[in-house]
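Student: Here it is: the structure, laid out below.
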Amino acid sequence: MSELLKEIKFDDNGLVPAVVQCEKTKDVLMMAYMNRGAIIKTLETGLVHYWSRTRKKLWLKGETSGHFQYVKSIRPDCDNDTLLLIVEQKEAACHTGHYSCFYRELEKDRLIEKSGKVFEPEKVYYKSEIFEEVYNVIVDRTINPKTGSYTNYLFEKGIDKMLKKIGEETAEVIIASKNKDNKEIVYEISDLIYHLLVIMVERGVKPGDIYKELERRR
């Protein structure tokens, strides 16, 4: 591991491009970027990790979809400034649902889709995005009330009503968990989280405050 890291020529941002190839089919699956931490994590776990330039953090391929990449070998090129990752790919590499990100080909000035989708992707939220989106909708309801809005109803009734709902939804989570019905558990936990977000808006607590506290505990 140390020899590989010594040889790699990272760019000014500490990144190196990684081309990914399927061990079985030899298809080129995707291209992403790795930093020192991503390479170390990949070698430690056997699961490919990358560095997200938009989110500025490490990400495990398949962390939201379950479409993991199991690294078989890592090959630096002759200039040590590009990596070739040979992997075992689970399901699809591309977020569009195609096995490879390179599923189109130029033919007579037209891009032709050369392979079908392995799966039909749902909207993927990265970790806290949906949490913050719902929070922002609740904030908007306090600024721009809507007739018939349940959120506005809670704010009209005040903190006692909100706290009563927290108690009710907590009880529902307990019952669902005792019933061992995962769909019911997901539904009831989502209800509880929504009402917790309402309390957060009411008391001026922001998502970032929760993230910081969880990071401190971690």
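The values are calculated or read from the model by the stated rules, or taken from the named source; none is laboratory data. Nothing here was measured: the structure is a model prediction, and the numbers come from that model. Methodologically, a virtual Cβ is constructed for each residue, glycine included, from the backbone with ideal geometry; neighbour enumeration extends over all protein chains shown.
Student: Which of (1) touching a His at 6+ places or on another chain (Cβ under 7 Å); (2) modelled with pLDDT of 85 or more; (3) not acidic (Asp, Glu) does His95 not meet, given it meets every other one?
Tutor: (1)
Student: Going by what's in this entry, would Val173 be described as at pLDDT 85 or above, under 29 Å from Lys56 (Cβ atoms), surrounded by 13 or more Cβ atoms within 10 Å (Cβ to Cβ) and touching a helix residue (DSSP H, G or I) at 6+ places or on another chain (Cβ under 8 Å)?
Tutor: Details: at pLDDT 85 or above: yes; under 29 Å from Lys56 (Cβ atoms): no; surrounded by 13 or more Cβ atoms within 10 Å (Cβ to Cβ): yes; touching a helix residue (DSSP H, G or I) at 6+ places or on another chain (Cβ under 8 Å): yes.
No, not satisfied.
Student: Also: Going through the range 49-64 one residue at a time, which ones are outside any strand (DSSP E or B), touching a Lys or Arg at 6+ places or on another chain (Cβ under 9 Å) and surrounded by 17 or more Cβ atoms within 10 Å (Cβ to Cβ)?
Tutor: Gly62
Student: I need a count of the residues in the range 65-104 that are within 23 Å of the chain's Cα centre (by Cα) and not in a strand (DSSP E or B).
Tutor: 17
Quick grid of which residues meet (1) surrounded by 14 or more Cβ atoms within 10 Å (Cβ to Cβ); (2) farther than 30 Å from His95 by Cβ; (3) in contact with a Leu (Cβ under 7 Å, 6 or more places away or on another chain):
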site: Ile143; (1), (2), (3): no, yes, no
site: Gly158; (1), (2), (3): no, yes, no
site: Glu188; (1), (2), (3): yes, no, no
site: Arg218; (1), (2), (3): no, no, no
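Student: Right, here's the next one. Scanning the range 190-216 for residues that are among the charged types (D, E, K, R) and closer than 23 Å to Asn152 by Cβ, which turns out surrounded by the fewest Cβ atoms within 10 Å (Cβ to Cβ)?
Tutor: Arg203
Student: In the range 39-48, how many residues are of a type in the set (D, E, K, R) and in contact with a Lys or Arg (Cβ under 8 Å, 6 or more places away or on another chain)?
Tutor: Counting residues in the range 39-48 that are of a type in the set (D, E, K, R) and in contact with a Lys or Arg (Cβ under 8 Å, 6 or more places away or on another chain) gives 0.
Student: Does Ser190 qualify as being under 22 Å from Glu129 (Cα atoms), of a type in the set (S, T, N, Q) and either in contact (Cβ under 8 Å) with a residue 60 or more places away in the chain or in the same structural domain as Asn136 (by TED's automatic domain parsing) (or both)? Full working, then the answer.
Tutor: Numbers: under 22 Å from Glu129 (Cα atoms): yes; of a type in the set (S, T, N, Q): yes; either in contact (Cβ under 8 Å) with a residue 60 or more places away in the chain or in the same structural domain as Asn136 (by TED's automatic domain parsing) (or both): yes.
When the stated conditions are applied, Ser190 passes them.
Student: If you don't mind, another one. Among the residues of the range 148-204, how many are on the phi > 0 side of the Ramachandran plot and within 30 Å of the chain's Cα centre (by Cα)? Before the answer, list the steps.
Tutor: Keep residues of the range 148-204 that are on the phi > 0 side of the Ramachandran plot, which gives 148, 158, 180, 204.
Now drop any that are not within 30 Å of the chain's Cα centre (by Cα), which leaves 180, 204.
Within the range 148-204, residues that are on the phi > 0 side of the Ramachandran plot and within 30 Å of the chain's Cα centre (by Cα) number 2.
Student: Of all residues in the range 16-58, count the ones that are touching a residue at least 60 places away in the same chain (Cβ under 8 Å) and under 21 Å from Leu5 (Cα atoms).
Tutor: Matching residues across the range 16-58 total 7.
Student: While we're here: Looking only at the range 134-168, which residues are more than 17 Å from Arg203 (Cβ to Cβ) and among the charged types (D, E, K, R)?
Tutor: Asp140, Lys146, Glu168
Student: Can you tell me which residue is nearest to Tyr211 (Cα to Cα) among those in the range 132-161 that are out of contact with any helix residue (DSSP H, G or I) (no Cβ under 7 Å at 6 or more places or on another chain) and among the acidic types (Asp, Glu)?
Tutor: So, considering only residues that are out of contact with any helix residue (DSSP H, G or I) (no Cβ under 7 Å at 6 or more places or on another chain) and among the acidic types (Asp, Glu), the one nearest to Tyr211 (Cα to Cα) is Glu133.
Student: Exactly one of these conditions fails for Val118: (1) β-branched (Val, Ile, Thr); (2) assigned by TED's automatic domain parsing to the domain that holds Lys6; (3) at pLDDT below 85. Give me its number.
Tutor: So the condition that Val118 fails would be (2).
Student: Restricting the search to the range 1-48, which residues are of a type in the set (Asp, Glu) and not in a loop (DSSP other than H, G, I, E, B)?
Tutor: Glu3, Glu7, Glu44, listed by residue number.
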